[in-house]
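The values are calculated or read from the model by the stated rules, or taken from the named source; none is laboratory data. This structure is a prediction, so every number in the text was calculated from the model and none was measured. When we count neighbours, we look across all protein chains shown, and the Cβ atoms used for this are built from the backbone with ideal geometry, even at glycine. Heads up: the accessible areas ignore ligands, DNA and RNA and are worked out on the full protein's heavy atoms, side chains in. Shrake-Rupley method; radii C 1.70, N 1.55, O 1.52, S 1.80 Å.
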Amino acid sequence: MKRFLPLLLAMLPALAHAADFDGAQLGLVWALPFVGILLSIALFPLLAPHFWHSHFGKIAGFWALAFLVPFAVVFGPGNAGAVIAHALIDEYIPFILLLFALYTVSGGILVWGNLHGSPKVNTAILALGTVCASIMGTTGAAMLLIRPLLKANDNRKHNVHVVVFFIFLVANIGGGLTPIGDPPLFLGFLKGISFFWTLQHMLPLVALNSAILLTLFYFIDRHFYSKEDEVKAVDPTPDSRLKLFGKFNFFLIAAVVAAVVMSGVWKPGIDFHVLGTEVGLQDIVRDVLLIVIALVSLKFTPKQVRAGNDFNWDPILEVAKLFVGIFLAMAPAIAILRAGEAGQLASLVRLVSAPGGAPIDSMYFWMTGILSSFLDNAPTYLVFFNLAHGDAAHMMGPMASTLLAISAGAVFMGAMTYIGNAPNFMVKAVAEDRGVKMPSFFGYMAWSIAILLPCFVITSLVFFHY
């Protein structure tokens, strides 16, 4: 952020007059810094792991500047400043504050004791997390349950698959039932999509994919568990009765949920223009409440509880540093998509509609999903939401199947890569901190392609027309 601040300050005088830049003016070359940050995330941990872990924030900042500096030269500092302001104020800050609040509060809940990581117990924990993800958000559910799950399996030689399926189910697919569960659905809620519309229409898809993945996980886990040398001779954390500490943090999680719902329901009509970006009073109140809730959790949760969780700030700091670069560097790719058929990705846009203009639901599912795997799934959801029609009442009515395709694609396929959804990175960081040798960027994609793609093909065939 120290590197971005001087550039932002230099652009402040022109910000008030800067209009949103037109993605139709941009060639695909402007997306190269975003490609660069993706390749850095994929390759540096493999080729130069020590350098990456020491400097990943600087690398993310480099790629963001690789886009912003040329953009400021070509389109002017006002437009570049508007991009920074929009990315940080309208998207990144609400995004990271919600993650910060959920990460902090869930880290104050300690499940003390240990379960035996058998296939039945592991499957039950994954099923519980899948349900909790739509109630307390994928971040909250993931951070609450990943540590007990890792502890339950720390006496086993094969536990990578446990974490991978945890990311699939708890950090992604389980969040598909409510606007609280995953950011794309929350954006739809803010646009006017009914809370219960999401629950009603997404339930069959979430249930089908969860059932397939939980069943598959059980048999994979049972295969490893049946190996003669699978269980270590000495259990680092022997099985013991479970106890729950920091229970008041459950009320704070409810307060986080209430703050988020409030920002979607309460519309006072009071807006502020901050550095050229419009911010509603309800959004400011929500963000302030999230900070206060997190501080309350830090103040009143006993230190021993967080110590029992091995709580530290490394996972959220890694997400914060990487995603500030991602949000800025992906701005041109999102703008080109928003330009529709006038942009350089017109060929992709045309894939989602038949010659007569009727939407092709299966293509909306796949296009939203594939792009959500590499772009942040929240703005990708909005791009295709507006491309389909943009009016919430119409989308819930005549275009309900198209809205369902967009919603499912954004939520489900966020699990395809580590960067598809922020909790993926956080779970990976926690697991690695506990000694689990997680797959590389491409190694994880090998898992997701082999396991998730067949599930999504089944989903497409069952629920969406061609």
Residues L351 and F196, FRET efficiency given R0 of 45 Å [Cβ-Cβ distance, rounded to 0.05]: 0.90
Estimated inter-spin distance, K58 and V285, nm [label 7 Å along Cα→Cβ]: 4.4
Protection-proxy order for peptides 150-161, 273-284, each taking the mean of Cβ atoms within 10 Å per residue, highest first: 150-161, 273-284
Principal axis dimensions, segment 19-162 - Cα atoms, whole angstrom, descending: 60, 36, 26
Column: log10 I(q)/I(0), Debye, Cα scatterers of the chain, q = 0.09, 0.11, 0.12, 0.14 Å⁻¹: -0.59, -0.89, -1.07, -1.47
Additional length obtainable on full extension of the chain from F300 to V265, 0.36 nm per residue less Cα span: 9.6 nm
Segment 375-466, relative contact order in percent, only Cα pairs under 8 angstrom and at least six apart counted: 26
Other-chain or far-sequence residues with amide H under 5 Å of S353's (modelled H): I360
Angle in degrees between helix 160-169 and the longest Cα principal axis of the chain, rounded to the nearest 10: 50
Charge sum, other residues only, whose C-beta stays under 15 Å from A127's C-beta, Lys/Arg counted +1 and Asp/Glu -1: 0
Label-to-label distance, nm, for residues given as T237 and V274 (7 Å Cα→Cβ offset): 3.8
Pair D433, V74: separation of 7 Å Cα→Cβ label points (nm): 4.0
Highest to lowest packing among 172-179, 400-407, scored as the average C-beta count within 10 Å: 172-179, 400-407
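Please list 321-327, 368-374 highest first by mean number of surrounding beta-carbon atoms within 10 Å per residue.
Highest-to-lowest ranking by the protection proxy: 368-374, 321-327.
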Gain on full stretching of the segment that runs from H465 to L128 - 0.36 nm per residue minus C-alpha separation: 118.1 nm
Fraction of accessible area attributable to carbon and sulfur, the chain (%, probe 1.4 Å): 69
Amide H partners (placed H, <5 Å) of G280, local residues excluded: F272
Listed residues A64, A142, A211: farthest to the positive end of the dipole of the chain (Cβ charges): A142
Per residue value of the accessible surface for the chain (all protein chains in place, 1.4 Å probe), Å²: 41
Overall Cα dimensions of segment 60-100, principal axis frame, Å, largest first: 35, 20, 7
